[in-house]
Every structure is written in structure tokens, then in C-alpha cells.
Amino acid sequence: MNIICALLAFFIGMAMNVQSGVNGQIRAITENPVFASTVNFSVGMIALLIILFITCEAGIYKMPSRQLLVRETKWWMYTGGPLGIIYVMAGILLPPLIGYGAFFSTLVTGQLVFSAAIDHNGWMGNAVTKIDKRRALGILLLIAGAVIVQSF
């Protein structure tokens, strides 16, 4: 199961490059990165609404009640959307300036460094997985790789 999840994550990582390239093409044609981001999120919202409707109607998931959402969620749990905007805008604006390799190597490095901090501290309700020597070495190697990609 872990290998399947790892392969899935790998291919999703590849898809992120495609997403950035597709959005970049819309930006290039329209000369408007905000419009390109709006297209990205609008089409994504339509797709998600269709998936939500299908999965709720099929009984795969249930629609949460308003009371549950008001009672159980915290304000910071709604910051994913604005953070997604930052990611999509960065994926539109930065690769043409620094290249895809430089952008995604530093993006993945930032993700891994902060992911390790989340795991180490058990933030956001996650299980604690302490940073050991092996994990620290992997993080350092990824940082070194990102620096090398940036240097050439």
C-alpha cells in the first residue's frame, strides 16, 4: 500500500508541473496571471461540486451539517483556499522567471522541510514522527539538490 501511495504522490507531483504549465499558457495568452488563476479555481470548483454531488448521492460521503461546521471548525481551517491561491499564482509567475526545475526543486524542498516540522511536532492534529538522523540527512540532501539545481 505504501508503494502505491508513493507512486500516486509521484504522479500527482508530475501533474502539478502540468497544472503550472497550463496556467502559464493561459497567463501568456491573456497577459493576466489573476485571470489564469481564476480560470484554474473556477474550473476546479465546478469539478469539485460535481464530485461532491455524485459522492453524496452515491452514499460514499455525507454532507456535513451547518451546525457541525460552526461548532467543530476553527477559523484557520479555512485558510487552505487562500494558501492555494498563493501556490497557483506562484506556479504561474515564478517558473518563467527562474525555470521549472528551480521553482519545483525549491517548492518541494520547502514542502519537505515544513512537513518534517509538522511531523516532528504533531501540528494540525497529526501523529508525532520525530526527525531522526536518517530523516535529517534526507532533508539536507534535498536542500543540497535544490541549491545545485538553482546554481546551474
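Read-outs: derived from the displayed coordinates by stated rules, not from any lab. Quick caveat, the model's predicted, so the values are computed rather than measured. Here Cβ is always computed from backbone atoms with ideal geometry, including for glycine, and neighbour counts include all displayed protein chains.
In this structure, does Asn126 turn out to be polar (S, T, N, Q), surrounded by 13 or more Cβ atoms within 10 Å (Cβ to Cβ) and over 20 Å from Met14 (Cβ atoms)?
no
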Does region 129-152 hold any residues that are of a type in the set (Ser, Thr, Tyr) and either loosely packed, with under 14 Cβ neighbours inside 10 Å or touching a residue at least 60 places away in the same chain (Cβ under 8 Å) (or both), and which are they?
Ser151
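Are there any helices (runs of 4 or more DSSP H) wholly within region 41-152 with 1 or more residues that are over 26 Å from Gln19 (Cα atoms) and basic (Lys, Arg), and if so which?
Numbers: elements: 66-72, 80-93, 95-98, 100-121, 133-151.
Per the criteria, 66-72, 133-151.
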